[in-house]
Amino acid sequence: MQIKDWSEDLQKRGVPYFKNEPPGPRSQEMIDKAKHYITSCWAGKKCEAGDGWDLPLTVRRVANSLIEDVDGNVYIDLNGGISTMNFGYNNPEIWMRTLEIMEEYGIRGIFPSNDYNTPLMVDTSQKILETVPHGENYRVHYACDGTEANEAAIKTAISYTGRSCVVSFMGAFYGRTMGSLSCMAQKARDAETFRPLRSSNIYFAEGPNCPNCIFCKEPEDCAGHCIDYFLKDRVLSYQVYPHEVAAFILEPYITGGLMHPAPQEFLKSLREICDEHQIMLIFDEVQSGMGRSGKMWTHEHYTVEPDIFTTAKSFGGGVAPLSAAIISDEIMENLPAYHGSTYGGAPISLAGNMAALEYMEQYKLLDQVIMLGNHIEKRFNDWDSYDNVWQTRGWGLLKAVDFRESKDKPLPDYKSQIQLELFKKGVITMSGGQGRYLSLLRIIPPFTIPIYQLDTALDIFEETIQK
């Protein structure tokens, strides 16, 4: 069945469309006004371009893959709301179906659903687990966003094993609450302000950061040194004993920091170590899950199953916030109730999830992701030859362009310049990277983006980097 585009009103004058050079006067006025009312986390001087935001954009309306600002400019969004809008902005079919589901179950909006059982939660959980390989061996713990899901996963592993230490793999992003932040080693600035509050029981190993590997020149040269020399020899003997470790946590597909999957052998080795020492294996699939990699769940690309994996972003169907830690049944059979989230599993969020799962099946969106991903890769074929484009890479609709002179010479300023030029031409992207390699622009559009809009955005992208 063909996906219906619902953004006609925003594209009637063509897209991209400009009335003013961005940021227009109204956008700038709203940005200046925000500084008086909104905390510095959102309106402070975070970056020169957006004066607090990634880009100087004040949004008025959104539809599918288009964003209109308060000045009437219309942009093509290759960011997908940082992967929260896999099904497009304001998807009318998902919204209408969400309302129908709430009516069917007799519960609207918000309800303290972790205090009582509800048929909607039972049925939604069953549908979710039907999408998971061996889903009959898992249970669902609900929260509201990715960091909450990761907190629940970490607490579950510690409580279940009775151990106090966690090994985290560098390069990934886990969230900004203290447990998740303690596990993060992506950029030093993430930890700098709150270093005294971070847990001292977190130990760091080299993650599957293949494009930035300190051992091998190219990913295809991988000899497993990050496991054998770093994890086994340094972390699990120099720093902490395996019997002290409750969990390993990592992104099997490092998203914002790298846009690159872990090698099969890397995850296989981790699973073997975990099985040998009764360590829980936690996968963060917050951004890469829910179909974005081309499979419903990222670990389906591998022969490895986690004990716990987390999901968020588009998990609520773009209707309301929803996340989950999906936890091994064996763990939950032996663990008392210990953790909750007031709005985790709210009816509107569960209905949004159920509607989104139906929509994915109806329109065969996993096939759509693969088709669009292959289309982008064909466009990428010529891009690697352009000056300062070191690599183009990624699975499904988890793509990135990496700007460097060479492997060891990233070009973060050049990347920011390209991002701002794209914005002024009507294409929205998001930056990314890890450590000193802050040289990525991500291409993570909605699954529902019309092919002509995708091509228009990629044409503008290519013209910009050609120059």
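Over every pair of different alpha-carbon atoms in segment 54-173, take the mean of 1/r and invert it; report that Kirkwood radius in Å.
Hydrodynamic radius (Kirkwood, Cα pairs) of segment 54-173 is 18.3 Å.
Would you compute the Debye intensity of segment 92-362 from its alpha-carbon atoms alone, equal scatterers and no solvent, and pass along log10 I(q)/I(0) at q = 0.08, 0.11, 0.17 Å⁻¹ to two decimals?
Taking Cα atoms of segment 92-362 as identical point scatterers yields -0.32, -0.60, -1.34.
Kirkwood-based Rg over Rh for segment 255-363 (C-alpha set), two decimals?
1.00
Based on the alpha carbon coordinates of the chain, what radius of gyration and maximum Cα-Cα distance (Dmax) apply, in Å?
Looking at the chain, its Cα Rg and Dmax stand at 21.9, 64 Å.
Counting C-alpha atoms alone, how compact is segment 159-284: give Rg to one decimal and Dmax as a whole number, in angstrom.
13.9, 40
Which order results if Thr177, Thr311 are arranged by neighbouring Cβ count within 10 Å, fewest first?
Thr177, Thr311
Starting from the Cα of Lys425, draw a straight line to each of the lysines and keep only those under 20 Å, dropping any in the same chain fewer than 8 residues away.
Here the lysines satisfying the reach criterion relative to Lys425 are Lys12, Lys19, Lys415, Lys467.
Using DSSP, restrict attention to beta bridges with both residues in segment 178-333 and report what percent are antiparallel, rounded to the nearest 5.
Restricted to segment 178-333, the bridges split so that about 45 percent are antiparallel.
Provide the percentage of antiparallel DSSP beta bridges, counting only those with both residues in the chain; round to the nearest 5. Show your work: numbers first, answer last.
Values: 38 of 56 bridges.
Here the antiparallel bridges make up roughly 70 percent for the chain.
Using a cut-off of 22 Å between alpha-carbon atoms, which lysines can reach Lys127, once sequence neighbours fewer than 8 places away in the same chain are excluded?
Within the straight-line cut-off, Lys127 pairs with Lys295, Lys313, Lys364.
In what sequence do Arg393, Arg234, Arg61, Arg195 fall when counting other Cβ within 10 Å, fewest first?
Ordered by Cβ neighbours within 10 Å, fewest first: Arg195, Arg234, Arg61, Arg393.
Modelling each spin label as a point 7 Å along the Cα-to-Cβ direction, I'd like the Trp383/Glu136 distance in nm, to one decimal.
In this crude label model, Trp383 to Glu136 measures out at 4.3 nm.
With r defined as the distance between the Cβ atoms of Tyr241 and Thr118 and R0 fixed at 51 Å, what FRET efficiency is calculated, to the nearest 0.05?
So the FRET efficiency works out to roughly 0.70.
Using the 10 angstrom Cβ neighbour count as an exposure proxy, how do Tyr437, Tyr174, Tyr386, Tyr203 rank, fewest first?
Ranking Tyr437, Tyr174, Tyr386, Tyr203 by Cβ neighbours within 10 Å, fewest first, gives Tyr386, Tyr203, Tyr437, Tyr174.
Could you work out how much longer the chain between Arg108 and Ala191 gets when fully extended? Use 0.36 nm per residue separation minus the Cα distance between them, nm to one decimal.
The Arg108-Ala191 span can extend by a further 25.9 nm.
Roughly how big is the chain's charge dipole about its Cα centre, with Cβ charges of +1 (Lys, Arg) and -1 (Asp, Glu), in debye to the nearest 20?
1220 debye
If we count every other residue with Cβ under 13 angstrom of Met296's Cβ, Lys/Arg +1 and Asp/Glu -1, where does the sum land?
Summing Lys/Arg as +1 and Asp/Glu as -1 gives -1.
On full extension of the chain, what length is gained from Asp413 through Thr39, given 0.36 nm per residue of separation minus the C-alpha to C-alpha distance?
132.0 nm
Could you go through segment 122-130 in sequence order and give the Karplus-derived ³J(HN,Hα) for each residue, using 6.51 cos²θ - 1.76 cosθ + 1.60 with θ = phi - 60°, rounded to whole Hz, and x for Gly and Pro?
Whole-Hz 3J(HN,Hα) from phi for segment 122-130: 4, 5, 5, 4, 4, 5, 4, 5, 5.
Have a look at Thr156, Ala63, Ser349 and report the one farthest towards the positive end of the charge dipole of the chain, computed about the Cα centre with Cβ charges (Lys/Arg +1, Asp/Glu -1).
Ala63
What fraction of the DSSP beta bridges in segment 92-362 is antiparallel, stated in percent and rounded to the nearest 5?
Details: 12 of 27 bridges.
Just about 45 percent of them are antiparallel.
If Lys and Arg each add +1 and Asp and Glu each add -1, what is the summed charge of the other residues whose beta carbon sits under 13 Å from the beta carbon of Cys213?
Summing Lys/Arg as +1 and Asp/Glu as -1 gives -3.
By the scheme Lys and Arg +1, Asp and Glu -1, what is the net charge of all other residues having a beta-carbon under 10 Å from that of Glu251?
So the environment of Glu251 carries a net charge of -2.
Values in this text are rule-based calculations from the coordinates and carry no lab data. Computed from a prediction, not measured in an experiment: that's the story for all the values here. When we count neighbours, we look across all protein chains shown, and the Cβ atoms used for this are built from the backbone with ideal geometry, even at glycine.
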